[in-house]
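The values are calculated or read from the model by the stated rules, or taken from the named source; none is laboratory data. Since we're looking at a predicted model, the values are computed, not measured. Glycine gets a Cβ as well: all are built from the backbone with ideal geometry, and neighbour counts include every protein chain shown. Areas reflect the complete protein model, heavy atoms only, side chains present, ligands, DNA and RNA absent. Shrake-Rupley method; radii C 1.70, N 1.55, O 1.52, S 1.80 Å.
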Amino acid sequence: MSKRMIAGLLLAVSAPAQAETVVVTADHMVDVVVGKTVDYPAVFITDGRITSVADARTVKWGSDVKHINLSGQTILPGLIDMHVHLTSLAEIGGYRGLQYTDSFWQAVGVANAKKTLDAGFTSVRNVGSANFDDVGLREAIDGGWIPGPRVTTATYAIGATGGHCDDNSLPPSFDKQQPSVINSPEEARAKVRWLHKYGAQVIKICATGGVFSLGDSVGGQQLTLEEMKAIADEAHMLHIRVAAHAHGDEGIRTAILAGIDTIEHASLASDETIKLAAARRTWFDMDIYNDDYILATGTANGTEQESLDKEKEIGLKQRQTFQRAVRAGVPMLFGSDAGVYPHGDNGRQFAKMVQWGMTPLQAIRSATSSAAEALDKTADVGAIAVGRYGDIVAVAGDPLSDVTLLEHVSAVIKGGVRVK
């Protein structure tokens, strides 16, 4: 073989593959940034990112461009759920979880990731996972080994001894303290560094008690202002954000004053605390659908009666708080708490958000442009716009008139590839 032939073969092997371009067309597109519907969009995607958005009636493309034709449908940006637990199952609650080996939970996380993606959620924030299971899922998804959404990982959630993020289900003879338990501001700072070292892209804390923790008050504050501030300061220094599980008013207010970025649940926030959140532009991320599922299934899935009693105590109050927060101008996010109810049903929350005070556009923005802002990922997700990932969902109808259409999306595209 001649030197020229060898050089030609080497050039062919080393030359980068030609970038694939995809064009997605539909009858309508919801522009979540502007807040209006655009007719006959043609969205061009190259190497996974959007390169242009044109009018399908006037623009032309060559035979080398792959066409995804969504005629008769309306497209929106890929949806973002800001509060999921991919490695949890609503169907296995309470002490029943102790019947399964540790690796079981990551295995079911693979299935849950696929269900979530098929439901139209192309990005999620996984706020709490044992054994760094969510990091493994993210790595497998990003590497193309398994299907799933883009995952922002929190790993373990930080909490106090005996608090919502500790394990209170066993007697002292089986004493088990969660690896993320802290009891001082110094321990809090060290824990943030440790979690970030092993894959945390957001920090989750338990500022108050919870529904599914045993032996604590659902609204009782469990971390001090100094501990919360140490966590927020350390995380922000690392350029990552902090989410606080907080049901009780005092814990919510303390988290806001500490500089926490998003308040999860926010069930019992007072008018004064809501006003503070609006003034400081602290996000509320409220799971106002899952109360229906929790109360309907009762103890059938293994949920303890204590937890059901807590849910009965705060369920309606949380929805009323949501309504007051929307009216007060608190920035709101879409967070379903999937894992407390079945994965894949995330979209059912949209209707509840509209029922309790949002317009359909506000609800959609909470799961697109607003969520992208809260994730610090406005360059990547949250809108169908040049430069962002080609993450798109489609529905057969107008979601600005009927938001329940988002419960059953007809097509899902992630990075320019149709996955449903």
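Odds and ends about this structure:
- Only one entry in D261, D271 is open to solvent by 20 Å² or more (accessible area, probe 1.4 Å) and touching a His at 6+ places or on another chain (Cβ under 9 Å), namely D261.
- Put simply, of V192, V202 the only residue that is β-branched (V, I, T), touching a helix residue (DSSP H, G or I) at 6+ places or on another chain (Cβ under 9 Å) and more than 30 Å from G302 (Cβ to Cβ) is V192.
- Taken over segment 136-163, the residue count meeting the criterion of being over 14 Å from A200 (Cα atoms), open to solvent by less than 70 Å² (accessible area, probe 1.4 Å), modelled with pLDDT of 95 or more and part of a loop (DSSP other than H, G, I, E, B) is 6.
- Of all residues making up segment 29-49, the number that are within 16 Å of L79 (Cα to Cα) and open to solvent by less than 20 Å² (accessible area, probe 1.4 Å): 3
Residue by residue, here is whether (1) out of contact with any strand residue (DSSP E or B) (no Cβ under 8 Å at 6 or more places or on another chain); (2) not in a helix (DSSP H, G or I) holds:
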position: A232; (1), (2): no, no
position: H239; (1), (2): yes, yes
position: V242; (1), (2): no, yes
position: H245; (1), (2): no, yes
position: G251; (1), (2): no, no
position: L257; (1), (2): yes, no
position: S267; (1), (2): yes, yes
position: E272; (1), (2): yes, no
position: A279; (1), (2): yes, no
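- Y293 vs. criteria more than 18 Å from I92 (Cα to Cα), open to solvent by 20 Å² or more (accessible area, probe 1.4 Å) and not charged (D, E, K, R): no
- Within segment 263-272, the residues that satisfy the criterion of being within 24 Å of the chain's Cα centre (by Cα) and not charged (D, E, K, R) are I263, H265, A266, S267, L268, A269.
- Failed condition for V108, given (1) assigned to a helix (DSSP H, G or I); (2) farther than 30 Å from L214 by Cβ; (3) open to solvent by less than 30 Å² (accessible area, probe 1.4 Å): (2)
- F121 vs. criteria open to solvent by 20 Å² or more (accessible area, probe 1.4 Å) and modelled with pLDDT of 95 or more: no
Quick grid of which residues meet (1) touching a strand residue (DSSP E or B) at 6+ places or on another chain (Cβ under 7 Å); (2) touching a residue at least 60 places away in the same chain (Cβ under 8 Å):
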{"residue": "R189", "(1), (2)": "no, no"}
{"residue": "I203", "(1), (2)": "yes, no"}
{"residue": "L214", "(1), (2)": "no, yes"}
{"residue": "E226", "(1), (2)": "no, no"}
{"residue": "H236", "(1), (2)": "no, no"}
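- Selected residue [in contact (Cβ under 8 Å) with a residue 40 or more places away in the chain, out of contact with any Lys or Arg (no Cβ under 8 Å at 6 or more places or on another chain) and either surrounded by fewer than 20 Cβ atoms within 10 Å (Cβ to Cβ) or under 22 Å from G298 (Cα atoms) (or both)] from G62, G97: G97
- Of S2, S52, all but one fail to be of a type outside the set (A, V, I, L, M, F, W, C), open to solvent by 30 Å² or more (accessible area, probe 1.4 Å) and modelled with pLDDT of 95 or more; the exception is S52.
- Pair list, Cβ < 8 Å and 6+ apart or interchain, from segment 120-142 residues that are without any contact (Cβ under 8 Å) to a residue 40 or more places away in the chain to residues that are β-branched (V, I, T): A140/V110; A140/I146; I141/V151
- Pair list, Cβ under 6 Å, 6 or more apart: segment 340-361 residue at positive phi, other residue in a helix (DSSP H, G or I): G344/K115; G357/Q323; G357/V326
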